[in-house]
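Working notes, beginning with the structure itself.
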Amino acid sequence: MPVEPRRVLLAGRTPAERRRNRAGLRLRDFSITARTRARYELAVGRLVPYLEKQENLQCMDDTICEWIEAQWARGESVNFIADALSGLHFYWPELRGRLREAWRLFKQWRRVETPSRAPPITQLLVRSIVCRAVRLGDLQFACLVALGFHALLRTGEILSLRFCDIEFDLTRGVLSLSGSKSG
């Protein structure tokens, strides 16, 4: 069941009700999730000691670039750098457009480092999902998950399958992906 949007919970018929519902809340608090806020706070918190030494905004880009290079050498993840730069912009909007070199280094880092991806799904997990779908009576979903795993299909390929794309007999089947990357 979907959760009601928070705006309904904060609604009020009178200005007094709205003031009471909004007490202690800022609009800015709704612009990012609590998880994103926690990541930003962690990353920016590790960057702040470097920034405190700055006398003006002009030197800040150079200092952040040095910090990024140090994180690169430390083996830090590129996602941590993204959180730090995005967090700086979130908490200090005046920095927008002033960290050009830092963002350029970040983009370079993303270009040269292979992103960490989710591990492939296991056969045991696929079987579990298929069994659960069958128990719930969702045979279409069960078939799509099994076929997608067996044929190594992308999500978009699974979702665009049509009945006429599948041919089979008692011993084997053929899957035709005419409109996909893999053909």
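We did not get these values from a lab; they are worked out from the coordinates using the rules stated. For clarity, every value in this text was computed on a predicted model and none was experimentally measured. Virtual Cβ from ideal backbone geometry, glycine too; neighbours counted across all protein chains shown.
Please list, by residue number, every one of the GluC sites (Glu not before Pro) in the range 47-85 that is coil in DSSP and has at most 10 other beta-carbon atoms within 10 Å.
Hits after loop and neighbour filter: Glu52, Glu55.
Over its Cα atoms, what ratio of radius of gyration to 2.2 N^0.38 Å does the chain give?
My calculation over the Cα atoms of the chain gives 1.57.
I need to check one value: relative contact order of the range 26-183, counting alpha carbon pairs closer than 8 Å and at least 6 residues apart, in percent.
15
Could you tell me how many degrees, from 0 to 90 and to the nearest 10, lie between the Cα long axis of helix 78-91 and the main elongation axis, the longest principal axis, of the Cα atoms of the chain?
So the helix axis and the longest Cα principal axis differ by about 50 degrees.
Specify the residue with the greatest mean-square fluctuation among Thr122, Thr14, Thr63, computed from a Gaussian network of the chain linking alpha-carbon atoms under 10 Å apart.
Maximum among the listed residues: Thr14.
I'd like the Karplus ³J(HN,Hα) series for the range 101-110: coefficients 6.51, -1.76, 1.60, θ = phi - 60°, whole numbers in Hz, and an x wherever there's a Gly or Pro.
Running phi through 6.51 cos²θ - 1.76 cosθ + 1.60 with θ = phi - 60° gives 5, 5, 5, 5, 4, 4, 5, 5, 4, 4 Hz.
In nm, to one decimal, how far is the Leu152 label point from the Thr114 one, both placed 7 Å along Cα→Cβ?
1.6
Do any trypsin sites (Lys or Arg not before Pro) in the range 51-113 lie in a DSSP loop with no more than 14 other beta carbon atoms within 10 Å, and if so, which?
In loop regions of the range 51-113 (DSSP not H, G, I, E or B), the sparsely surrounded trypsin sites (Lys or Arg not before Pro) are Lys53, Arg96.
Contour minus end-to-end for Ala73 and Ser128, with contour as 0.36 nm per residue of separation and end-to-end as the Cα-Cα distance?
15.6 nm
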